[in-house]
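Trainee: Pasting a structure below so you can have a look.
The values are calculated or read from the model by the stated rules, or taken from the named source; none is laboratory data. These figures come from a predicted structure and were not determined experimentally. FYI the Cβ positions are ideal-geometry reconstructions off the backbone, even for glycines, and counts take in every protein chain you see.
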Amino acid sequence: MTQEEARIKGVGASPGIAIGRAYLIDRRKVKTPKRHITASEVEGEQRRFDDALRRSHEQLERVKQKLAERASGDDPFQILEAHQLILRDEHLVEPTLRSIAEEHVNAEWALRKTVEHIKGIFDSVDDQYFRERRSDVDFVGDRVLRNLLGMEQPLAPPPDAIVVAHELSPADIAQLQRAAIAGFLTDVGGKTSHTAILARAVELPAVVGLEDITHRVGNGDLIIIDGTEGEAILHPSAPLVAQYRGRARQHAAREEEQLKTRDLESITRDGHRVRLMANVELNEEVPSALEHGAEGVGLYRTEFLFLGRTSIPTEEDHYQLARRVLDLVGHRPVTFRTFDLGGEKAAAALGQHAPREANPALGLRSVRLCLRERGLFKAQLRGLLRASVHGEVKIMFPMISGVGELREVLAVLDEVKRDLSIEGVAFRPDVPVGIMIEMPSAAMTADLLAPHVSFFAVGTNDLIQYSLAIDRVNEHVGYLYEPLHPAILRQLRFVVQSAHAAGVPVCVCGEMAGEALFLPVLLGLGVDELSMNSLAIPVVKAAIRAADYLASCELAAHVVDLPTASDVESAVRAARD
Ligand code: PEP
Ligand code: MG
């Protein structure tokens, strides 16, 4: 009997098309046994827990090594390292050992209690990115539990399989990629989960968040994954398979074509150069960024260092992270943005229950938090400064509201530099320091800010949010999110003019930079550099190479006087077509 074709919508976690036979993997949580132990059993139980931690660590090490064999150079994966860090984290280890000793319970139960407690802290956070971090603790807890129960087994799907599972951990993805599967589907998961990030890094097509896919699919079923559209097609007909094979070929050809532009110059027809950089959250993304033609990293969102951790990153963590990125990019520049954490995100990372803020976007976030938590801030600055002797490091401060706050931040930087000098620690004293222009107050005082810095980077995501008074993650006001609003364009014009008058270059690093449609406007306003997600680089480069700088200047001068965003958009489209 032939089964009926079914299309199921999920979340496209990693783009591309894969066609193959289903291979179901049972990665559902194992049951945690509870047992009371006697005082004489405590030591043995604690030893069993330590053994399970050690075995888990070794397994992750093996996965990392296998990945490194495949990746260029020694490029150990940050996510897997973060999981190894969790295995050593005092918030995981100490309470579990204590619970075994004081409550006289078995290691499995003590571990479960600890993991639930840590997850509870993450749950109290009102931020999707940080909520998804709880799954890192879950993955690690699950691995240790399976080791305690002797249930941890390597995954072994056949090559070209479509793996279907309730949930997969980043370590699972690393193993599956080694097994040369075609792609994967999961019941749960989101776009910013580490599983999704790793899938993109190793270029495995994937759709997640399909809810009950594990119940709808049988082993050996034919499946199409459309990771670009976020769709799984079960039991496709032969003509549909043929159609998707055609699309897969087109996709591959397009990718190949775009990658060929890697070494082409990012220059307009009339010879004006605009530097193209990548926005990066994790080191894993760097090789792909370079492959897509990035000339460096224009925005490294260092708050991702808090990934899956329950303790604050140390100076050494910052130093090591920066060194690894610098090794990966070679001689190219990397702009490290200091922590851009919201009050609540920080609370999770610090393992505290902070009071809820009524308006977190207007609250104690970013440099405001850093100025209050000086220890956290100084550790980061020390690590970055130490790394500055190993490559082209730039330091950037987010969410600067005006000159007063900038002075305060620069005073901390000076203090840190002085300390390092006294201690005889090497660093580059002239490391370029810039700020993000992402608040209207900063945009309006750009002329006062410019003389104090080496560069500006306009964060349009926040600049739009704060200028137009719309919450950037609130879908109800999404229709008001207009990058081409005259208020935004006029601020951009003033920022660029003020910066250039002081000899300061301007980068745009919000999502707006990665939209080819907006390119002539940004170009015409005089923006010097664009930083974006890597996949957008070849597309924007093509737009730059097709553009004329002088015509773009005329267009920009014209559109800043138009009354609405849609008028601007029409003018931009008319100029393009
Ligand atoms: C921005 O606000 O445009 C930006 C690039 O920073 P983030 O998206 O990390 O807030
Ligand atoms: Mg921002």
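Trainee: Anything in the stretch 499-520 that is among the hydrophobic types (A, V, I, L, M, F, W, C) and under 27 Å from the mean Cα position of the chain (by Cα)? List them, or say none. So that I can check it myself, show each step before the final result.
Mentor: Of the residues in the stretch 499-520, the ones among the hydrophobic types (A, V, I, L, M, F, W, C) are 499, 501-502, 504, 506-509, 512-513, 516-519.
Across the stretch 499-520, the qualifying residues are Val506, Cys507, Val508, Cys509, Met512, Ala513, Ala516, Leu517, Phe518, Leu519.
Trainee: State all residues of the stretch 10-65 that are in contact with a His (Cβ under 8 Å, 6 or more places away or on another chain) and among the polar types (S, T, N, Q); if no residue qualifies, say none.
Mentor: Passing the criteria: only Thr38.
Trainee: Residues Glu41, Glu45, Glu4: which one is more than 22 Å from Glu108 (Cβ to Cβ) and acidic (Asp, Glu)?
Mentor: The match here is Glu4.
Trainee: While we're here: Test Leu463 against the stated conditions and say whether it is away from ligand 1 (no atom under 15 Å from the Cβ) and not polar (S, T, N, Q). First the steps, then the outcome.
Mentor: Details: away from ligand 1 (no atom under 15 Å from the Cβ): no; not polar (S, T, N, Q): yes.
No.
Trainee: Among the residues of the stretch 172-193, is any touching a residue at least 60 places away in the same chain (Cβ under 8 Å), out of contact with any helix residue (DSSP H, G or I) (no Cβ under 7 Å at 6 or more places or on another chain) and within 30 Å of Arg48 (Cα to Cα)?
Mentor: Checked the stretch 172-193: at least one residue is touching a residue at least 60 places away in the same chain (Cβ under 8 Å), out of contact with any helix residue (DSSP H, G or I) (no Cβ under 7 Å at 6 or more places or on another chain) and within 30 Å of Arg48 (Cα to Cα).
Trainee: Now for a different question. Please find, among Arg428, Arg418, Arg472, the residue that is under 29 Å from the mean Cα position of the chain (by Cα), more than 16 Å from ligand 2 (Cβ to nearest atom) and not hydrophobic (A, V, I, L, M, F, W, C).
Mentor: Details: Arg418 fails: under 29 Å from the mean Cα position of the chain (by Cα); Arg472 fails: more than 16 Å from ligand 2 (Cβ to nearest atom).
None of the others qualify; the one that does is Arg428.
Trainee: So Thr314 clears everything in (1) modelled with pLDDT of 90 or more; (2) in contact with a strand residue (DSSP E or B) (Cβ under 8 Å, 6 or more places away or on another chain) except one condition, right? Which one?
Mentor: (2)
Trainee: On to the next question. Tell me which residues, restricted to the stretch 263-287, are touching a Leu at 6+ places or on another chain (Cβ under 8 Å) and at pLDDT below 95.
Mentor: Asn279, Val280, Leu282, Asn283, Glu284, Val286, Pro287
Trainee: Hey, can you tell me all the residues within the stretch 158-187 that are surrounded by fewer than 24 Cβ atoms within 10 Å (Cβ to Cβ) and either β-branched (Val, Ile, Thr) or not assigned by TED's automatic domain parsing to the domain that holds Val217 (or both)?
Mentor: Of everything in the stretch 158-187, just one residue is surrounded by fewer than 24 Cβ atoms within 10 Å (Cβ to Cβ) and either β-branched (Val, Ile, Thr) or not assigned by TED's automatic domain parsing to the domain that holds Val217 (or both), namely Ile181.
Trainee: Only one of Ser552, Ser498, Ser566, Ser570 is crowded, with 23+ Cβ neighbours inside 10 Å and away from ligand 2 (no atom under 16 Å from the Cβ). Can you tell me which?
Mentor: On the way: Ser498 fails: crowded, with 23+ Cβ neighbours inside 10 Å; Ser566 fails: crowded, with 23+ Cβ neighbours inside 10 Å; Ser570 fails: crowded, with 23+ Cβ neighbours inside 10 Å.
After applying the criteria, what remains is Ser552.
Trainee: Being closer than 27 Å to Ala499 by Cα, touching a helix residue (DSSP H, G or I) at 6+ places or on another chain (Cβ under 9 Å) and away from ligand 1 (no atom under 16 Å from the Cβ) is the requirement here; does Val458 meet it?
Mentor: Numbers: closer than 27 Å to Ala499 by Cα: yes; touching a helix residue (DSSP H, G or I) at 6+ places or on another chain (Cβ under 9 Å): yes; away from ligand 1 (no atom under 16 Å from the Cβ): no.
Considered against the rule, which asks whether it is closer than 27 Å to Ala499 by Cα, touching a helix residue (DSSP H, G or I) at 6+ places or on another chain (Cβ under 9 Å) and away from ligand 1 (no atom under 16 Å from the Cβ), Val458 comes out as no.
Trainee: Let me ask something else about it. Only one of (1) within 16 Å of ligand 2 (Cβ to nearest atom); (2) in a helix (DSSP H, G or I) fails for Gly383. Which number is that?
Mentor: With respect to (1) within 16 Å of ligand 2 (Cβ to nearest atom); (2) in a helix (DSSP H, G or I), Gly383 is out only on (1).
Trainee: Still on this structure, I have one more. Of all residues being at pLDDT 95 or above and buried (at least 22 other Cβ atoms within 10 Å of the Cβ) in the stretch 362-385, which is nearest to ligand 1 (Cβ to nearest atom)? Just the residue, please.
Mentor: Gln380
Trainee: Those residues that are surrounded by 23 or more Cβ atoms within 10 Å (Cβ to Cβ) and under 18 Å from Met512 (Cα atoms), I need them from the stretch 293-308; list them, please.
Mentor: Listed by number, the residues that qualify are Ala294, Val297, Gly298, Leu299, Tyr300.
Trainee: Mind listing whichever residues of the stretch 408-455 are assigned to a loop (DSSP other than H, G, I, E, B), acidic (Asp, Glu) and away from ligand 1 (no atom under 16 Å from the Cβ)? Lay out the reasoning, then the answer.
Mentor: Restricting attention to the stretch 408-455, the residues satisfying the condition of being assigned to a loop (DSSP other than H, G, I, E, B) are 424-432, 438-439, 445, 453-454.
From what is left, the residues that are acidic (Asp, Glu) are 430, 438.
Of everything in the stretch 408-455, just one residue is assigned to a loop (DSSP other than H, G, I, E, B), acidic (Asp, Glu) and away from ligand 1 (no atom under 16 Å from the Cβ), namely Asp430.
Trainee: Within the stretch 2-17, take every residue that is part of a strand (DSSP E or B) and over 26 Å from the mean Cα position of the chain (by Cα) and give me the one that is surrounded by the most Cβ atoms within 10 Å (Cβ to Cβ).
Mentor: If we filter the stretch 2-17 for residues that are part of a strand (DSSP E or B), which is where we start, we get 6-9, 11-14, 17.
Now restrict to residues that are over 26 Å from the mean Cα position of the chain (by Cα): 6-8.
Values: Ala6: 12, Arg7: 13, Ile8: 18.
Selected residue: Ile8.
Trainee: Within the stretch 466-487, which residues are at pLDDT 90 or above, more than 13 Å from ligand 1 (Cβ to nearest atom) and either in a helix (DSSP H, G or I) or crowded, with 21+ Cβ neighbours inside 10 Å (or both)?
Mentor: Passing the criteria: Leu484, Pro486, Ala487.
Trainee: Please go through the stretch 389-416 and give me each residue that is more than 13 Å from Phe336 (Cβ to Cβ) and either touching a residue at least 60 places away in the same chain (Cβ under 8 Å) or in contact with a Phe, Trp or Tyr (Cβ under 7 Å, 6 or more places away or on another chain) (or both), ordered by number. Steps first, answer last, please.
Mentor: Taking the stretch 389-416 and keeping what is more than 13 Å from Phe336 (Cβ to Cβ), we get 389, 399-412, 414-416.
Matches in the stretch 389-416: Val389, Met399, Val409, Val412.
Trainee: Name every residue in the stretch 232-281 that is aliphatic (A, V, I, L, M), away from ligand 1 (no atom under 16 Å from the Cβ) and touching an Asp or Glu at 6+ places or on another chain (Cβ under 8 Å), in order of residue number. Lay out the reasoning, then the answer.
Mentor: Just the residues of the stretch 232-281 that are aliphatic (A, V, I, L, M), to begin with: 232-234, 238, 240-242, 248, 252-253, 259, 264, 267, 274, 276-278, 280.
Next cut, away from ligand 1 (no atom under 16 Å from the Cβ) only: 232-234, 238, 240-242, 248, 252-253, 259, 264, 267, 274.
Scanning the stretch 232-281 gives Ala232, Ile233, Leu234, Leu240, Leu259, Val274.
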